[in-house]
Amino acid sequence: MDSSASVSRAGSTLLQVIGIMILAAGAVCLLLIALDFSPTAIVGAMFSGSLTSWLKFSQTLSIWVPLLLCSCGLLFTFQAGLWNIGVEGQVVMGAIAATILLRLPETTLPPTLILIGSLTAACIGGSLWGILAGLLKNRGGVNEIFGGLGLNFVAQGIILYLIFGPWKRAGIASMSGTDIFARDLWLSMPAGWRVAPIALILAISVFLFSLLLLNRTRFGLRVKAVGINARAAQLFHIRPERYGLLAILIGGGMAGLAGGLQVIGVYHRLIPAVSSGYGYLGLLVVMLAGYKALPVPLITLFFAWLAAGSIQLPIMLQIDSSLSGVIQGACVLSALLVHGLRSVRQR
Amino acid sequence: MIELRSIHKQFGTVKALQGVNLRVRPGSIHGIIGENGAGKSTLMKILTGFISRTSGTITFDGREISLKTPEEARSLGIGMLYQEPLDFPQLSVLDNFMAAAADGNPARQQQVLARLCEKFGFELKPKACQEKLTVGERQQVELMRLIRDKCKVLILDEPTTGISQEQQELLFEALKKLRDEGTAIILVSHKLAEIHSLCDRVTVLRHGKQAGEQERPFDEKGLLQAMFDTLPTKSSRPAQKKIGRPILRMDTVSTKAGRVGLHQVNVTINEGEMVGLAGLDGSGQSVFLQIAYGLLEPEQGRVSTPVAEKDVVMRVFLPADRLREGLIAGLTIREHHLLAGKSPFFLTAASGRTTAEQAINTYSIHGTPATTAERLSGGNQQRLLLSLIPEEARLILLEHPTRGLDVQSGQWTWQHLRAHLPENGAIVFASPDIEDIMEQAARVLVFFNGRILLDRPTDQTSYREVSLAITGRV
């Protein structure tokens with residue numbers, strides 16, 4: 001009985017995903033034709049730009065890592081019933097926290113230790129920024145959406161201040177960021193790779209950790225209970241505020257780790273746009289995944305592919321790469337529409 | 001003159017109204033009384049066009065009217081003052097007064113408002129923000145809006161709930177003035193005192209049927225008999241358990257939470273007691289239970305558990321709205337048991353399955369461990385909630401334990417509760433049904449307007465005394 005129910009549930013989820021894909025593909029094709037572009041040429045360009053070599057695919061993976069980390073973090077907050085819109089700020093604070101350690105004056109500490117330390121600092125930075133939004137909600141009655149949004153602006157202000165102020169390059173301050181870190185403070189990357197293996201391993205581990213924590217522990221069950229019905233959860237002696245705070249702490253830590261990895265593994269310096277909108281994109285990913293962990297790696301991979309592939313558009317077809325944003329948007333709207341139609345029909 | 005003839009209303013299989021007749025003359029106040037669920041609200045919603053009747057005719061000044069929409073009712077001059085005023089809290093008093101006015105000139109409307117205030121002795125500042133007002137003042141704004149719009153039939157739904165004595169006197173004076181000017185007034189109430197002081201005629205509803213009608217002067221005994229079902233011969237009450245030490249004590253507990261709050265409540269619940277809380281919905285029973293459980297903190301007074309030396313008294317609370325307040329939709333029976341019991345940190349798909357299966361058998365829940373809570377029927381949801389009560393629970397608090405259950409499930413619930421009344425614990429339940437309380441409980445507390453009006457062992461009181469106390473008479 002158990003298994004047949006879950007099989008039929010999996011079947012309906014699959015149907016839904018197919019529906020979303022058909023709808024999204026149709027909408028995008030129509031749009032492209034209306035704009036007088038050939039859909040096949042565009043898809044072809046995006047494929048050849050991202051999947052034809054390991055170098056190109058690893059480019060996709062380098063986008064996948066931060067997106068997967070942010071999305072995993074959001075799984076916790078969504079499950080707890082929170083709209084953690086502050087992921088962007090948490091990524092930024094993670095990046096800043098990591099940079100603090102990397103900018104320490106010359107020491108005799110082994111670089112590996114500094115790297116581990118700065119990634120830990122990144123997690124803590126993101127967590128603290130998340131907890132701030134959580135405390136604003138619990139203690140100050142500020143809705144987490146407004147608190148998170150406000151904190152995003154604050155974090156953006158702080159990073160700009162640091163880059164143009166105390167941390168500016170010798171002589172000049174510019175949008176291109178701080179001085180580049182010493183070579184031994186970069187995450188090692190084999191030749192022909194665009195993503196650090198350590199970053200990949202960390203991202204995959206974080207995903208597996210999330211999967212386990214959310215679906216196979218008492219903690220995950222409690223978070224879910226709070227998210228569905230905080231009032232009833234209290235009758236099970238679960239304190240909703242506490243679990244909300246824990247969820248945002250974990251989510252913030254994962255977002256912070258994403259920020260730290262961007263600094264250490266990708267840019268090798270602190271740049272103003274270090275978060276690149278992964279926080280907001282993560283919200284869409286998790287919604288598309290129906291707030292469940294399992295589909296998240298694939299959906300994030302798809303979005304990463306869109307982003308990486310679209311970089312080829314200006315080069316190969318003289319189309320601006322912002323078209324990928326249109327495709328992303330069409331996918332998300334299609335997904336929301338399919339979800340919405342289903343719940344309308346169930347009413 | 002408005003006249004309703006043979007009004008029927010059916011919601012699915014539920015017959016909410018069955019052949020109700022009502023005639024309200026201009027220049028009179030007509031009372032409608034009855035218990036919760038007697039059909040008062042349904043009847044009023046039909047009169048104001050919010051819901052349509054299944055059958056029956058309504059005539060207004062001799063003309064048959066359809067009353068399909070609230071607009072139609074409004075244009076005919078039928079207006080209603082709701083228990084919870086329908087206003088715009090962020091706007092000013094004047095803005096609220098002007099809402100839907102045919103003449104939207106603020107200066108003129110302010111004059112109209114001032115004139116009406118003077119006439120009825122209300123003191124309202126036009127510029128004050130509506131949300132800063134008391135319920136009574138918000139009601140006054142609404143009332144004046146209805147009067148300005150030349151309301152011919154004025155309906156009031158429990159208008160004295162949550163307002164001060166002074167405001168009540170002003171309201172009654174205003175209603176008498178309006179009656180003398182020819183307005184037909186319908187007063188929905190469960191308070192006999194109000195009926196006595198205001199009404200010219202009264203209709204009693206019970207279970208959707210007309211159970212009586214009287215002209216002034218009213219015969220109180222007759223009204224009560226019509227309102228409540230007559231008491232069947234008393235079934236043998238379960239043997240009284242030995243009363244032990246106090247398990248929960250409230251000292252002068254007060255709060256503003258809920259519709260009427262709770263005022264100066266002093267109660268001690270003892271081990272071995274089964275206590276029933278009587279009263280109309282929203283008279284303070286829910287707030288009492290929530291404070292007893294600890295969901296709400298009292299604003300004044302103290303709640304203590306005298307027997308607990310070091311060990312805290314384990315309490316459970318089963319709310320009336322089971323799916324919205326007690327269970328977690330989307331989680332399965334197994335997961336509910338995992339949440340309620342002592343589960344290990346790491347879980348597998350098999351964790352808690354045995355416990356859930358045992359509960360399903362013991363409590364005859366129709367479902368499997370993988371059935372989600374929202375897929376269970378009301379009776380099964382209640383069984384699930386009961387099955388979640390841990391052995392160690394010493395204070396079991398229930399809100400409407402048999403609401404929405406069929407007779408069998410209801411009886412099963414009572415039997416189960418009686419059998420599981422812990423030696424060193426107590427059960428406290430709120431029920432709208434006096435019979436249930438008289439039959440099941442050993443002690444009754446009657447709530448009225450946030451106060452406990454009566455506190456007696458059930459074998460030392462009567463159905464009549466309890467039903468009088470529910471309507472505010474001691």
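The values are calculated or read from the model by the stated rules, or taken from the named source; none is laboratory data. Computed from a predicted structure; not experimentally measured. All Cβ positions, even for glycine, are placed from backbone atoms using ideal geometry, and neighbour counts span all protein chains on display. Keep in mind that these areas ignore ligands, DNA and RNA; they rest on the heavy atoms of the full protein, side chains included. Shrake-Rupley method; radii C 1.70, N 1.55, O 1.52, S 1.80 Å.
Per-structure values
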read-out	value
Residue ID - surrounded by the most Cβ atoms within 10 Å (Cβ to Cβ), chosen from residues in region B:50-91 that are under 25 Å from B:GLY258 (Cα atoms) and in contact with a Lys or Arg (Cβ under 8 Å, 6 or more places away or on another chain)	B:ASP87
Those residues of region B:129-149 which are hydrophobic (A, V, I, L, M, F, W, C) and exposed (fewer than 15 other Cβ atoms within 10 Å of the Cβ), in sequence order	B:CYS129
Counted residues, region B:330-346 - those being in a loop (DSSP other than H, G, I, E, B) and either facing chain A (nearest Cβ under 9 Å) or under 20 Å from B:VAL428 (Cα atoms) (or both)	5
Test result for A:ILE100, closer than 17 Å to A:ILE158 by Cα and either of a type outside the set (A, V, I, L, M) or free of Cβ contacts under 8 Å to residues at least 40 places away in the same chain (or both)	yes
Scope region B:9-19; condition touching a Gly at 6+ places or on another chain (Cβ under 7 Å) and either crowded, with 20+ Cβ neighbours inside 10 Å or at pLDDT 95 or above (or both); matching residues	B:ALA16, B:LEU17
Filter result for B:GLU299 (away from chain A (no Cβ under 11 Å), in contact (Cβ under 8 Å) with a residue 24 or more places away in the chain, acidic (Asp, Glu) and surrounded by 16 or more Cβ atoms within 10 Å (Cβ to Cβ))	no
B:LEU327 being facing chain A (nearest Cβ under 8 Å), within 25 Å of B:PRO422 (Cα to Cα) and of a type outside the set (Gly, Ala, Ser)	yes
Evaluation of A:ASP184 against (1) touching a Pro at 6+ places or on another chain (Cβ under 6 Å); (2) more than 10 Å from every other protein chain (Cβ to nearest Cβ); (3) open to solvent by less than 70 Å² (accessible area, probe 1.4 Å) (one fails), failing number	(3)
Filter result for the condition that a residue is of a type outside the set (A, V, I, L, M, F, W, C) and out of contact with any helix residue (DSSP H, G or I) (no Cβ under 8 Å at 6 or more places or on another chain), over A:ARG183, A:ARG194, A:ARG218	A:ARG183
Candidate set: region B:370-383, residues that are more than 12 Å from every other protein chain (Cβ to nearest Cβ) and either part of a loop (DSSP other than H, G, I, E, B) or among the hydrophobic types (A, V, I, L, M, F, W, C) (or both); chosen: the one surrounded by the fewest Cβ atoms within 10 Å (Cβ to Cβ)	B:SER377
Residue that is modelled with pLDDT of 85 or more, assigned to a helix (DSSP H, G or I) and not aliphatic (A, V, I, L, M), where the choices are A:GLN262, A:GLN328	A:GLN262
Residue ranges of strands (runs of 3 or more DSSP E) in region B:1-75 with at least 3 members under 28 Å from B:SER431 (Cα atoms)	B:2-11, B:14-24, B:28-33
Test for B:LEU47: is it among the hydrophobic types (A, V, I, L, M, F, W, C) and in contact with a helix residue (DSSP H, G or I) (Cβ under 8 Å, 6 or more places away or on another chain)	yes
Among residues of region B:144-174, those that are among the hydrophobic types (A, V, I, L, M, F, W, C) and within 22 Å of B:ALA101 (Cα to Cα), counted	9
Lone unmet requirement of (1) closer than 23 Å to A:SER324 by Cα; (2) open to solvent by less than 10 Å² (accessible area, probe 1.4 Å); (3) not charged (D, E, K, R) for A:PHE57	(2)
Positions within region A:213-241 being more than 10 Å from chain B (Cβ to nearest Cβ), more than 23 Å from B:PRO390 (Cα to Cα) and open to solvent by 40 Å² or more (accessible area, probe 1.4 Å), in sequence order	A:GLU241
Single match in B:ALA349, B:ALA393 (criterion: within 14 Å of chain A (Cβ to nearest Cβ) and open to solvent by 40 Å² or more (accessible area, probe 1.4 Å))	B:ALA349
Selected residue [within 16 Å of A:GLY89 (Cα to Cα) and loosely packed, with under 15 Cβ neighbours inside 10 Å] from A:LEU149, A:LEU135, A:LEU113, A:LEU160	A:LEU160
Some residue of region B:406-421 being polar (S, T, N, Q) and within 13 Å of chain A (Cβ to nearest Cβ)	no
Tally, over region B:150-169, of residues that are assigned to a helix (DSSP H, G or I) and surrounded by fewer than 19 Cβ atoms within 10 Å (Cβ to Cβ)	4
Residue that is farthest from the other protein chains (Cβ to nearest Cβ), among those in region B:302-320 that are at pLDDT 85 or above and open to solvent by less than 40 Å² (accessible area, probe 1.4 Å)	B:SER304
Single match in B:ILE427, B:ILE333 (criterion: in contact (Cβ under 8 Å) with a residue 40 or more places away in the chain and farther than 27 Å from B:ARG443 by Cα)	B:ILE333
Residue in region B:178-196 that is charged (D, E, K, R), surrounded by fewer than 21 Cβ atoms within 10 Å (Cβ to Cβ) and closer than 19 Å to B:VAL93 by Cα present	no
Residues within region A:275-311 that are open to solvent by less than 40 Å² (accessible area, probe 1.4 Å), in a helix (DSSP H, G or I) and over 13 Å from A:GLY325 (Cα atoms), tallied	11
Residue in region B:69-89 that is more than 17 Å from B:LEU156 (Cβ to Cβ) and in contact (Cβ under 8 Å) with a residue 60 or more places away in the chain present	yes
Candidates B:ILE32, B:ILE58, filtered to the one that is modelled with pLDDT of 90 or more, within 30 Å of B:ASP219 (Cβ to Cβ) and in contact with a Ser or Thr (Cβ under 7 Å, 6 or more places away or on another chain)	B:ILE32
Residue list for region B:273-295, restricted to those being at positive phi and away from every other protein chain (no Cβ under 13 Å)	B:GLY279, B:GLY282, B:GLY284
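Per-residue answers, yes or no, for (1) of a type in the set (D, E, K, R); (2) in contact (Cβ under 8 Å) with a residue 40 or more places away in the chain; (3) closer than 19 Å to A:MET254 by Cβ:
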site: A:CYS123; (1), (2), (3): no, yes, yes
site: A:ASN152; (1), (2), (3): no, yes, yes
site: A:LEU160; (1), (2), (3): no, yes, no
site: A:ALA170; (1), (2), (3): no, no, no
site: A:THR178; (1), (2), (3): no, yes, no
site: A:PHE181; (1), (2), (3): no, yes, no
site: A:VAL195; (1), (2), (3): no, yes, yes
